[in-house]
Amino acid sequence: MSTILETRGLTYVYGAGTPFERTALDHVDLKIQKGEILGVIGHTGSGKSTLIQHFNGLLKPASGEVLLDGQPIWNEKGKCARETRFRVGLVFQYPEYQLFEETIARDIAYGPTNMKLPQDEIDERVRESMDAVGLDASLASQSPFALSGGQKRRVAIAGVIAMRPDVLVLDEPTAGLDPAGRDEILSLVKRYHDQSGATVLIVSHSMEDIARLANRLLVMNHAKILFCDTPREVFSHAEEIVAAGLDIPMITKVMLELKKRGHAVDTSVFTVAQALEALRACKRKEAAH
Amino acid sequence: MLKDITIGQFFPGDSAVHRLDPRVKIVLTIVFIIALFLAGGPVSYAAVIAFLAVVIGISGISLRLVVRGLRPVLFIIAFTAVLNLFYTPSATGEYLWQWGFLHISWEGVKVAFFMVLRLMLLIIATSMLTYTTSPIQLTDGLERLLSPLKKLHAPVHELSMMMSIALRFIPTLIEETEKIISAQKARGADFDSGNLIQRAKAMIPILVPLFISAFRRADELATAMECRLYRGDVGRTRMKQLHIERVDICACVIFAVVIGAVIALGRYGL
């Protein structure tokens with residue numbers, strides 16, 4: 001697999017030169033593979049939102065660089081090509097608050113219009129992205145403000161998908177939704193990933209949600225990368241994750257507790273099916289002794 | 001760019017300036033502004049500047065912050081300076097420089113200089129008031145000062161409540177605006193190119209969400225206030241009563257002496 005996004009020594013400081021100075025990113029080296037789903041986890045203030053705003057050039061690194069397809073996104077003159085914004089689509093937290101147009105179709109078309117695409121291409125993309133997020137085509141001419149919260153969020157996500165980004169970055173896409181809405185959003189993200197083959201980054205502080213979805217997990221802590229590996233590998237360090245103040249999936253907690261009580265179980269599991277398997281293996285081992 | 005807005009910002013502290021009664025601070029600030037316009041010459045201005053410097057020193061507010069407060073009004077100050085510089089007629093008919101209808105007289109230079117100084121001191125003095133007084137104290141003080149007007153059925157309480165809510169929401173709305181700008185930029189919004197009309201149009205994707213969220217917040221706040229049985233001024237008591245303390249009396253006395261001296265010096269044209 002080839003690398004699509006890469007950061008080298010990425011450092012960012014908020015409020016440099018004021019009493020409120022704070023390092024949000026501290027020499028972050030990261031490689032994101034083409035076509036993967038990467039889950040980004042960290043508690044509030046760990047630097048995850050700052051990190052993703054560097055991927056499309058919204059924030060300029062204090063030092064270090066960001067490479068898209070091996071090319072630095074900031075040129076020597078300190079400019080970032082607008083094309084980067086279209087290639088790395090960023091959906092912010094609570095994206096429904098950015099809707100502004102009179103109709104849903106026109107709001108989704110805002111990104112493609114900024115790309116200066118021909119009208120028929122724009123129409124095609126609006127239709128396609130409404131379909132991708134499960135919005136009925138009959139809604140196209142309605143006002144986005146008449147929709148429910150969950151549906152508004154889908155419109156906002158469709159607005160970014162319509163730019164057909166190579167990398168789709170979602171910042172807390174499930175924040176403030178009920179369990180059903182959360183599952184719907186996550187499954188549509190998964191479906192979009194499988195159909196389009198785009199690279200997807202999901203930021204969350206809920207391990208439970210993204211452990212199942214992601215191929216790899218990036219755990220941020222105090223402006224640095226704590227772990228970046230497969231979920232299985234990351235959860236084998238469950239104790240350290242808990243020590244960093246992060247939550248781990250419920251089932252991993254159960255396994256940790258069993259281990260503490262003297263059973264030699266595998267603590268790197270994060271789904272019930274895996275846990276079952278691990279427990280059976282453990283039982284066999286204990287019976288053999 | 002939005003970070004430069006320091007209006008209504010408050011920097012908590014425990015200095016004598018912070019501890020003054022807000023009513024005293026408001027009245028003294030107004031008196032100070034009046035004195036600024038009665039000061040006549042270099043000596044009285046020097047006294048005013050020295051006095052303000054001492055107040056800033058006591059308050060512990062950093063000088064950089066004080067200067068930053070001037071940035072948003074820089075244009076008005078420059079505009080005033082240019083107007084005064086070119087349009088003050090000379091008393092003696094002598095000009096330092098002349099070109100067509102433009103001329104600079106020695107008086108013009110003097111007037112422009114003092115006008116700029118006056119404006120800068122005015123802004124600094126008023127921002128010292130907001131820097132050292134929390135918005136709640138400020139509106140509380142204002143309401144108490146204006147309370148005689150209640151007899152004339154002026155909605156003093158409502159006005160001060162509106163003001164404190166407005167001040168409270170300035171930082172929130174700035175943060176919100178920055179978020180919306182980032183979100184629209186991520187969708188390829190371009191605010192920096194095109195002609196004036198195109199640029200004005202580019203603001204719509206920011207303004208519509210901002211207004212919607214401001215209305216939503218207002219609605220939520222109104223509900224929250226109603227849930228806590230807010231019904232205006234009638235029968236409302238205060239958690240923190242305002243009392244005139246020794247430090248307030250001391251401040252008033254010092255102020256009276258300095259301002260008296262400045263006005264006296266001003267009368268003699270010093």
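So the values come out like this:
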| read-out | value |
| --- | --- |
| Candidates B:80, B:88, filtered to the one that is touching a residue at least 12 places away in the same chain (Cβ under 8 Å) and touching an Asp or Glu at 6+ places or on another chain (Cβ under 7 Å) | B:88 |
| Test for residue B:134: is it surrounded by 15 or more Cβ atoms within 10 Å (Cβ to Cβ), away from chain A (no Cβ under 14 Å) and out of contact with any Ser or Thr (no Cβ under 9 Å at 6 or more places or on another chain) | yes |
| In the range B:237-258, the residues that are touching a residue at least 60 places away in the same chain (Cβ under 8 Å) and farther than 19 Å from residue B:145 by Cβ | B:258 |
| Filter result for the condition that a residue is closer than 29 Å to residue B:137 by Cβ and at pLDDT 80 or above, over B:5, B:34 | B:34 |
| Filter result for residue B:268 (under 30 Å from residue B:44 (Cα atoms) and among the hydroxyl-bearing types (Ser, Thr, Tyr)) | yes |
| Count of the range B:202-227 residues which are away from every other protein chain (no Cβ under 12 Å) and either part of a loop (DSSP other than H, G, I, E, B) or free of Cβ contacts under 8 Å to residues at least 24 places away in the same chain (or both) | 9 |
| Candidate set from the range A:81-110 (those that are more than 8 Å from chain B (Cβ to nearest Cβ) and of a type in the set (Lys, Arg)); member that is nearest to the chain's Cα centre (by Cα) | A:87 |
| Qualifying helices (runs of 4 or more DSSP H) (wholly inside the range B:40-149; at least 3 residues being modelled with pLDDT of 85 or more, aromatic (Phe, Trp, Tyr) and assigned by TED's automatic domain parsing to the domain that holds residue B:12) | B:106-132 |
| Candidate set: the range B:17-32, residues that are touching a residue at least 12 places away in the same chain (Cβ under 8 Å) and loosely packed, with under 15 Cβ neighbours inside 10 Å; chosen: the one nearest to residue B:147 (Cα to Cα) | B:31 |
| Members of the range B:142-165 found to be among the hydroxyl-bearing types (Ser, Thr, Tyr) and surrounded by fewer than 18 Cβ atoms within 10 Å (Cβ to Cβ), listed by number | B:147 |
| Selection within the range A:242-276 - of a type in the set (Gly, Ala, Ser), within 21 Å of residue A:219 (Cβ to Cβ) and free of Cβ contacts under 8 Å to residues at least 12 places away in the same chain | A:243 |
| Residue among A:105, A:81, A:62 that alone is small (Gly, Ala, Ser) and under 19 Å from residue A:156 (Cβ atoms) | A:105 |
| Conditions (1) surrounded by fewer than 18 Cβ atoms within 10 Å (Cβ to Cβ); (2) in a helix (DSSP H, G or I): number failed by residue A:262 | (2) |
| Within the range B:166-190, considering residues that are crowded, with 16+ Cβ neighbours inside 10 Å and away from chain A (no Cβ under 13 Å), the one farthest from residue A:94 (Cα to Cα) | B:167 |
| Selection status of residue A:190, surrounded by fewer than 17 Cβ atoms within 10 Å (Cβ to Cβ) and either touching a His at 6+ places or on another chain (Cβ under 7 Å) or over 21 Å from residue A:273 (Cβ atoms) (or both) | no |
| Strands (runs of 3 or more DSSP E) contained entirely in the range A:11-114, each with at least 1 residues that are at pLDDT below 90, of a type in the set (Lys, Arg) and surrounded by fewer than 24 Cβ atoms within 10 Å (Cβ to Cβ) | A:22-33 |
| Verdict on residue A:124 being part of a helix (DSSP H, G or I), of a type in the set (Asp, Glu) and either exposed (fewer than 13 other Cβ atoms within 10 Å of the Cβ) or at pLDDT 90 or above (or both) | yes |
| The range A:43-72 residues that are over 11 Å from residue A:84 (Cβ atoms) and away from chain B (no Cβ under 14 Å), paired with ones that are surrounded by 21 or more Cβ atoms within 10 Å (Cβ to Cβ) and among the β-branched types (Val, Ile, Thr) (beta carbon under 6 Å, 6 or more apart) | A:48/A:40; A:48/A:203 |
| Residue in the range A:217-233 that is polar (S, T, N, Q), outside the structural domain of residue A:5 (by TED's automatic domain parsing) and assigned to a loop (DSSP other than H, G, I, E, B) present | no |
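Each row is one residue, and each column tells you yes or no for (1) away from chain B (no Cβ under 14 Å); (2) modelled with pLDDT under 90; (3) outside any helix (DSSP H, G or I).
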{"position": "A:160", "(1), (2), (3)": "no, no, no"}
{"position": "A:169", "(1), (2), (3)": "no, no, yes"}
{"position": "A:194", "(1), (2), (3)": "yes, no, no"}
{"position": "A:212", "(1), (2), (3)": "yes, yes, no"}
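The values are calculated or read from the model by the stated rules, or taken from the named source; none is laboratory data. Just so you know, these numbers come straight off a predicted model, no measurement behind them. Backbone-built Cβ (ideal geometry, glycine too); neighbour counts: all protein chains shown.
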